[in-house]
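The values are calculated or read from the model by the stated rules, or taken from the named source; none is laboratory data. Only a predicted model underlies this, so the values are computations on that prediction, with no experimental measurement involved. Positions of Cβ are generated from backbone atoms using ideal geometry, with glycine treated the same way; all protein chains shown enter the neighbour counts.
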Amino acid sequence: MSLILIRYAEIGLKSEPVRRRFLARLVRDISERLEAAGIDHLIESERGRIFLECSDTGAASAVLRTINGLASFSPVISCSSKYNDIMECLNEFGKQRLRAGMSYGLKVRRVGTHPYTSRDIAINGGGAVISHLAEGENRVDLKDPDLWVFVEIRENMAYVFSEVLRGLGGMPSGTQGRVLLYLPPDPSKPMRKRAILSRTLLERRGCTVVPVARGEDIEEWKGEPGPGQDVRALYPIGIGDALAAALKEHRALGVAYPYDLPDVKGAHGSHPRSIPAVELYPTSGLEDDDVDACIDRFSGGEGSEKVNKLLI
């Protein structure tokens, strides 16, 4: 079984009771998604980290990239936090990954009380990583090395890794309220993509999304991977009144629209102002190219630096 170290971010900002509840939901989501993918696994958590043992690191990584609330993760090699064990682990790690002519850098993070400092590990760990090579065959580069070597020491265990793979971030699914996603008539291809991204962005914030459309428009939206799932029909009355009724029926807190910024101004009102609900436009202000890049990023692709900046 291989080991993956999983990090979360926003959950850690919550109060202790809320953090425990959200973390339990995230752990459950990870386990359910891996089980659905047929990946054998064991999962444990502690404050700040989740530890996943799995049978297939590559397949598990593909699943983890698409789970809301997960900030980043790394396939790791583990050992005890004893100084000699860490040095031995770094030596083996370097033998497997560092070749002559490659530059390298080493970063250390430490949590707990130990008879050494992070600086001790950083200084002496570099020598352990390159001990299998002749002097002068490698150089240290702490800006953009060919190989980063990360060491995370947590109490009585240490973890060595070279990759930090980015997750979707946000909040675990279902930890916030319900939101309607209105699917308009005659969807164009750009509108379909915006609807897909709108649902993804809302779910990334922990919302439970309920797609709704007029009865005659549901067929137009079927088959879409995101917004076309479980579409609910609106009552055959004026659209504003129909959405107001749907807000009450589904106990939703607001309505989201997959409109671009120029379309927002001309969009109809969703409900009478007496209904306590909000209107959301998740993709307003995004160019179509940004929408495409975000969809690629959220579907498991690497995305782009531009998208990464949009998601911060």
inquiry  = As an exercise: evaluate G69 against (1) surrounded by fewer than 18 Cβ atoms within 10 Å (Cβ to Cβ); (2) in a loop (DSSP other than H, G, I, E, B); (3) not assigned by TED's automatic domain parsing to the domain that holds I123 and give the number of the one condition it does not meet.
reply    = (1)
request  = Return the only residue of S45, S55, S80 being surrounded by 15 or more Cβ atoms within 10 Å (Cβ to Cβ) and either hydroxyl-bearing (S, T, Y) or more than 30 Å from G136 (Cβ to Cβ) (or both).
outcome  = S45
inquiry  = So for the range 18-35 (the condition being in a loop (DSSP other than H, G, I, E, B), within 24 Å of S162 (Cα to Cα) and touching a residue at least 40 places away in the same chain (Cβ under 8 Å)), does at least one residue qualify?
reply    = no
remark   = Log entry, pairs with first residue in the range 287-312 being part of a loop (DSSP other than H, G, I, E, B), second being modelled with pLDDT under 85 and surrounded by 15 or more Cβ atoms within 10 Å (Cβ to Cβ), beta carbons closer than 6 Å, six or more apart or on different chains, reads G303/R297
request  = Please work out which one of (1) under 22 Å from the mean Cα position of the chain (by Cα); (2) aromatic (F, W, Y); (3) over 20 Å from F73 (Cβ atoms) is the condition Y182 fails and give its number.
outcome  = (1)
task = For G38, indicate whether it is outside the structural domain of R205 (by TED's automatic domain parsing), more than 28 Å from Q176 (Cα to Cα) and not hydrophobic (A, V, I, L, M, F, W, C).
result = yes
message = Quick check on G12: is it at positive phi, outside the structural domain of T208 (by TED's automatic domain parsing), among the small types (G, A, S) and touching a helix residue (DSSP H, G or I) at 6+ places or on another chain (Cβ under 9 Å)?
response = no
task = Taking only the range 108-167 into account, find how many residues are in contact with a helix residue (DSSP H, G or I) (Cβ under 8 Å, 6 or more places away or on another chain), of a type in the set (V, I, T) and under 26 Å from S61 (Cβ atoms).
result = 6
The range 83-121: number of residues that are surrounded by 14 or more Cβ atoms within 10 Å (Cβ to Cβ) and of a type in the set (G, A, S) = 4
